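> Pasting a structure here, questions to come.
The values are calculated or read from the model by the stated rules, or taken from the named source; none is laboratory data. This is a predicted model, so every value here is computed, not measured. For neighbour counting, all protein chains shown are included, and Cβ atoms are generated from backbone atoms with ideal geometry for every residue, glycine included. Please note that ligands, DNA and RNA were not included when accessible areas were found on the heavy atoms of the full protein model with its side chains. Shrake-Rupley method; radii C 1.70, N 1.55, O 1.52, S 1.80 Å.
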Protein chains: 2
Amino acid sequence: MRRETYNEFRHLCRAHNLAVTHQRQRIFEAVASRPGHYSPEEIYEQVKQDLPSISLATVYKNLKTFIEAGMLREVSLHHGAWRIDANLHPHHHLVCTRCRSILDLDQDLLAPVKLRGKLPSGFKLEKFSIEIQGVCKACVASESRTHN
Amino acid sequence: MRRETYNEFRHLCRAHNLAVTHQRQRIFEAVASRPGHYSPEEIYEQVKQDLPSISLATVYKNLKTFIEAGMLREVSLHHGAWRIDANLHPHHHLVCTRCRSILDLDQDLLAPVKLRGKLPSGFKLEKFSIEIQGVCKACVASESRTHN
DNA sequence: TATCAGATGATAAAGATTATTAAACGATTC
DNA sequence: GAATCGTTTAATAATCTTTATCATCTGATA
């Protein structure tokens, strides 16, 4: 890990009350120092080259910890629940970032997406899918209840 | 199942060379006749009320069959692969509908989303997430190779 | 109604994620 | 630098989701 990255990591941990451990350093580095989006298994394999005794569970736990802290993010909110859509008409989805519930929303509610530049060559565009992320009514209510 | 829905279902099956079975009728009905987005488990529980001997594997298999045929869709392309995003700068994702690979794309490539109406009351908007769906270069190549 | 390809149900297997717990470690204090 | 305390880790089991296998059954067609 580069010196600056290392210090940055230490500060991030301090800011979120996380102990700075070798394992966490390597896990964070394995994700943040490379482009692309990796799975826990891939990250585990990468880190294991430096720390052969690390456990896959440690990778999972710390990825979750980092995500909670906002140091990393999930690519998509929909991992973990395969859900079926019977609505074949064009529509958008309203997704709760807390409970991950999904509501349909008519397509007309949003203006069409406009492309400003060129997509990578060779990519055959099929459609734009817009997801409206936020906190649903129920979660807003339960959170305000908790905090008062 | 309403008569028209039943006939519609038969025609859909014919069009895709699928045998019309009791199980398929009930599975399709369980998804298509209700609003909302269900998991295979939920659909299984629903269908079991009518067909107590149905197997969960049958539900899975037929949901996949229906999706392949285009009779149903997946809410999201990201189920089954938890992926980590270390890019905290605003960006979009380019997603291949075949191999499900993901590429980052700078935010500036798309004009900001414009809301035309009102969101459901109580929903606290956090952000719009745009996904650009299509076929990546590699998959375009492999498909044209297959079809020639 | 007899035939047969395809569909189903039961079950095992595989894969992904989470929970548990004793031992080890990092941070703080002295 | 050693002692202490709370957190983190590794190992493993448990859980949950999805897929594979295969013998049996059923829908479609003749």
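> In a Gaussian network model over chain A where Cα atoms closer than 10 Å are linked, find which of A:Leu109, A:Leu51, A:Leu125 has the largest mean-square fluctuation.
In the Gaussian network model the winner is A:Leu125.
> While we're on this one: So the label point sits 7 Å from Cα along the Cα-to-Cβ vector; using that for A:Gln133, what distances do you get to the other copies, in nanometres, sorted shortest first?
1.8
> Ok, one more. Can you give me the C-alpha center-to-center distance between region B:108-148 and region A:97-131, rounded to a whole angstrom?
For region B:108-148 versus region A:97-131, the Cα centre distance is 3 Å.
> Which shape class, rounded, prolate or oblate, goes with region B:18-148 when its Cα gyration tensor gives a ≥ b ≥ c as root eigenvalues, a/c under 1.5 marks rounded, and past that a/b bigger than b/c marks prolate? Walk me through the intermediate numbers first.
On the way: a/c = 2.49, a/b = 1.42, b/c = 1.76.
Oblate, since a/c reaches 1.5 and b/c is not below a/b.
> Test of understanding: in a Gaussian network model of chain A with alpha carbons linked when under 10 Å, which of A:Val47, A:Val113, A:Val75 would top the mean-square fluctuation ranking?
A:Val113
> OK, next. Report in % the part of the accessible area of chain B that belongs to carbon and sulfur, leaving out ligands and nucleic acids; probe 1.4 Å.
Numbers: 4270 of 8650 Å².
On chain B, the fraction of accessible area on carbon and sulfur atoms equals 49 percent.
> If you average the sequence gap of Cα pairs under 8 Å that are 6 or more apart and divide by the length of chain B, what percent do you get for the contact order? Mind showing how you got there, number by number?
Numbers: 96 pairs, mean separation 22.7, N = 148.
Relative contact order of chain B: 15 percent.
> Next question, about the same structure. In nm, one decimal, shortest first: how far is the label point of A:Arg100 (7 Å from Cα along Cα to beta carbon) from the matching points in the other copies?
For A:Arg100, the other copies' label points sit at 1.4 nm, shortest first.
> Could you give, in nm with one decimal, how far B:Glu45 is from each other copy of that position, shortest first, with labels 7 Å out from Cα toward Cβ?
3.6
> I'd like the projected area of the protein assembly as shown, averaged over all directions, using the convex hull of its alpha carbons. Report it in nm² with one decimal. Kindly include the intermediate steps, with their values, before the conclusion.
Working: hull surface 82.9 nm².
Projected area, direction-averaged: 20.7 nm².
> Right, here's the next one. What total accessible area, in Å², is buried where chains B and A meet, using a 1.4 Å probe and rounding to the nearest 100?
Counting protein atoms only, the buried area is about 6400 Å².
> What is the Cα centroid distance between region B:31-78 and region A:14-92, reported in whole angstrom?
Going from one Cα centre to the other spans 29 Å.
> To test your reading of the geometry: what angle, between 0 and 90 degrees and rounded to tens, separates the Cα axis of helix B:56-69 from the longest principal axis of chain B?
The two axes meet at around 60 degrees.
> Test of the criteria: in region B:1-81, which trypsin sites (Lys or Arg not before Pro) are in a DSSP loop and have at most 15 other Cβ atoms within 10 angstrom of their Cβ?
On the way: sites: B:Arg2, B:Arg3, B:Arg10, B:Arg14, B:Arg24, B:Arg26, B:Lys48, B:Lys61, B:Lys64, B:Arg73; in loops: B:Arg2.
For trypsin sites (Lys or Arg not before Pro) across region B:1-81 that sit outside H, G, I, E and B with at most 15 neighbouring Cβ atoms in 10 Å, the list reads B:Arg2.
> If the reach is capped at under 15 angstrom between alpha carbons, list the aspartates and glutamates near B:Lys48, excluding any in the same chain fewer than eight residues apart.
B:Glu29
> Continuing with this model, one more query. Tally Lys and Arg at +1 and Asp and Glu at -1 over the other residues with C-beta under 10 Å from the C-beta of A:Val140: what net charge comes out?
Working: positive: A:Arg98, A:Lys137, A:Arg145, B:Lys124; negative: A:Glu143.
Cβ neighbours under 10 Å give a net charge of +3.
> Output the 0 to 90 degree angle, nearest 10, between the alpha-carbon long axis of helix B:22-32 and the longest principal axis computed from the alpha carbons of chain B.
Tilt relative to chain B: about 40 degrees.
> Considering the dipole of chain A built from charges on the beta carbon (Lys and Arg +1, Asp and Glu -1) around the Cα centre, which of A:Ile130, A:Leu119, A:His79 is farthest to its positive end?
Value: A:Leu119.
> Give me the dipole magnitude in Debye, nearest 20, for the protein assembly as shown about the Cα centre, with unit charges on the beta carbon: positive for Lys and Arg, negative for Asp and Glu. Mind dumping the intermediate values first?
On the way: 42 positive and 32 negative charges, 30 e Å.
Here the size comes out at about 140 debye.
> Something else about it: Which residue fluctuates the most in chain B, going by a Gaussian network model with Cα springs under 10 Å, if the choices are B:Ile84, B:Ile27, B:Ile132?
B:Ile84
> Another question, if that's okay. I'd like to check one number: the per residue accessible area of region A:11-77, probe 1.4 Å, reported in Å² as a whole number.
Values: 3690 Å² over 67 residues.
For region A:11-77, the per-residue accessible area is 55 Å².
> Using only the Cα atoms of region B:91-146, build the gyration tensor, take square roots of its eigenvalues as a ≥ b ≥ c, and label the shape rounded, prolate or oblate: rounded if a/c is under 1.5, else prolate if a/b is larger than b/c, else oblate.
Numbers: a/c = 3.31, a/b = 2.54, b/c = 1.30.
Since a/c reaches 1.5 and a/b is larger than b/c, the shape of region B:91-146 is classed as prolate.
> At 1.4 Å probe radius, can you tell me the per residue accessible area of region A:91-146 in Å²?
Working: 3180 Å² over 56 residues.
Here the residues of region A:91-146 average 57 Å² of exposed surface.
> About the Cα centre of chain B, what is the dipole size in debye to 20, counting +1 per Lys and Arg Cβ and -1 per Asp and Glu Cβ, all else neutral? Numbers along the way, then the final one.
Values: 21 positive and 16 negative charges, 86 e Å.
Around 420 debye, computed over chain B.
> Something else: Could you state, as a whole-number percent, how many of the C-alpha pairs of region A:35-93 are farther apart than 14 Å? Show your work: numbers first, answer last.
Working: 1157 of 1711 pairs.
The proportion of pairs with Cα distances above 14 Å equals 68 percent.
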